[in-house]
1. Please tell me the relative contact order of the chain in percent, rounded to the nearest whole number, where contacts are Cα pairs under 8 Å and at least six residues apart.
2. What is the extension gain from Arg285 to Ala210, computed as 0.36 nm multiplied by their sequence separation minus the C-alpha to C-alpha distance, in nm to one decimal?
3. DSSP H helices in the chain with Cα extent of 18 Å or more along the helix axis and mean Kyte-Doolittle hydropathy at least -1.0?
4. So how strong a dipole does the chain carry about its Cα centre when Lys and Arg Cβ are +1 and Asp and Glu Cβ are -1, to the nearest 20 debye?
5. Using a ≥ b ≥ c from the Cα gyration tensor of region 288-354 (square roots of the eigenvalues), is it rounded, prolate or oblate, where a/c under 1.5 gives rounded and otherwise the larger of a/b and b/c decides, a/b for prolate?
6. Write down the percent of antiparallel bridges among all DSSP beta bridges whose residues are both part of the chain, to the nearest 5.
7. When the helices in the chain are scored as -39500 (n - 2.57) per DSSP H run of 4 or longer and the sum is shared across all residues, what 222 nm value do you end up with, to the nearest 500 deg cm²/dmol?
8. Report the dimensions of the chain along its three principal axes from the alpha-carbon atoms, largest first, rounded to Å.
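Values in this text are rule-based calculations from the coordinates and carry no lab data. All of these numbers come straight from a predicted model, not from anything done at the bench. No Cβ is skipped: glycine too gets one built from the backbone with ideal geometry, and neighbour counts run over all protein chains shown.
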Amino acid sequence: MVTEAITPPALIVETPLAIAPAEAKPVPPVLPTETPFPHIALLLPLQSAIFGPSADAVQQGFFAAANYKRQMLPVRVYSDFDENISVVAVYRQAIANGARAVVGPLTRNGVSALAAEHDIPVPTLALNIVEGQFAPQLYFFGMAAEAEARQVAQLAKQQGLHQAIIVTTHTPLSLRLQSAFEEEWTAPASGADRGILREIEYNDDPAVFADIADISDTMVFLAADAEKSRLIRPYLPNKLPVYATSQIFTGNGNVLANYDLNGVHFVDMPWLLQPDHPAVMIYPRANPPLSASHERLYALGIDSFRLIGLMLDGKINTALPLDGVSGQIQLSGHTFQHTETPAVFVQGHAQLSGAPAAPATQMFPGQLDNTGQAIRTP
């Protein structure tokens, strides 16, 4: 089924799943459902009640990139399938219909099923991340929040910090962020010992932060989303460096709400943080605009089109690292990893780390700027 781009989704953040290689078995022939023609097959669960909006955001980004570079093969969307049970059959059908490359599936279950296959005859880019041993032409590209937590730990190390206080909210995602951060933070590096000073579980009671002091060489990692982080940040000492992942950034549209996050460091995609970035400027934005989480999936779609083009042209080894809209993309094994852009909240606005502070805007009477001076109404 060929579909047109429509409207988008919720962020898919999934822990890599280890895949055991399946035994090689003869693959029964699949007959084409139409006259075969060379194309790029895009396998997305657009008909899914749960994953359909997410798949649509990826599709929109993919076609934004495809329309920019029209000399590529045509794209055919395969959308009428269940990634839990029939993704391999749809993949085989796409190959029979003439696909020269495949992008997808999207969900962890779908990618896991395809990753267990030995017969991957064309360059294939799965849009989620699993671990194991795979067919030579199968690669992975996705958005794992755990990778952001590890990058945040590296950034804090670069600032010379040695102790961490971790605040969790006891959700599955929060616990995964905590685990990834701790693993990276405590990993031996440069002979410096780093430890976890405290682990605090926030259950809507700010009393748990009453005894947190401003300790030198110590940082706070918020393993929390934007809503919880806005509640937590005001109870932390102002001089303690606070770090988080892109989970806390919902866009610069709500300056008043973002004031509660002032001073918090995080990482996110150039697509959301750098509208003047050369790689970002050349692609159109979704219309109507998307939520921040859907914009990240849109960016994933753009970069997945660029990557499958490199795979088709056999240029993976020479074109990387790639300056992508999702970050700086490099290849590790069979997984494309993207390093995101460091940012910080200043005056309720997310800006690049190290950039000059944006002029303060008065949001309420009597507001003071960072120097203690009254902010004048424009």
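1. Details: 744 pairs, mean separation 65.3, N = 378.
Relative contact order for the chain comes out at 17 percent.
2. Values: separation 75, 0.36 × 75 = 27.00 nm, distance 4.41 nm.
Extra length available between Arg285 and Ala210 comes to 22.6 nm.
3. Numbers: long enough: 52-68 (24 Å, 0.02); 145-158 (20 Å, -0.64); 172-185 (20 Å, -0.47); 292-313 (32 Å, 0.45).
Once both thresholds are applied, what remains is 52-68, 145-158, 172-185, 292-313.
4. Details: 21 positive and 35 negative charges, 182 e Å.
With Lys and Arg at +1 and Asp and Glu at -1, about 880 debye.
5. Values: a/c = 3.23, a/b = 1.74, b/c = 1.85.
Here region 288-354 falls in the oblate category.
6. On the way: 18 of 53 bridges.
Taking every DSSP beta bridge within the chain, about 35 percent pair in antiparallel fashion.
7. Working: 11 runs with 108 residues, N = 378.
After summing the helix terms and dividing by residue count, I get -8500 deg cm²/dmol.
8. Computed over the Cα atoms, the extents are 72, 47, 40 Å.
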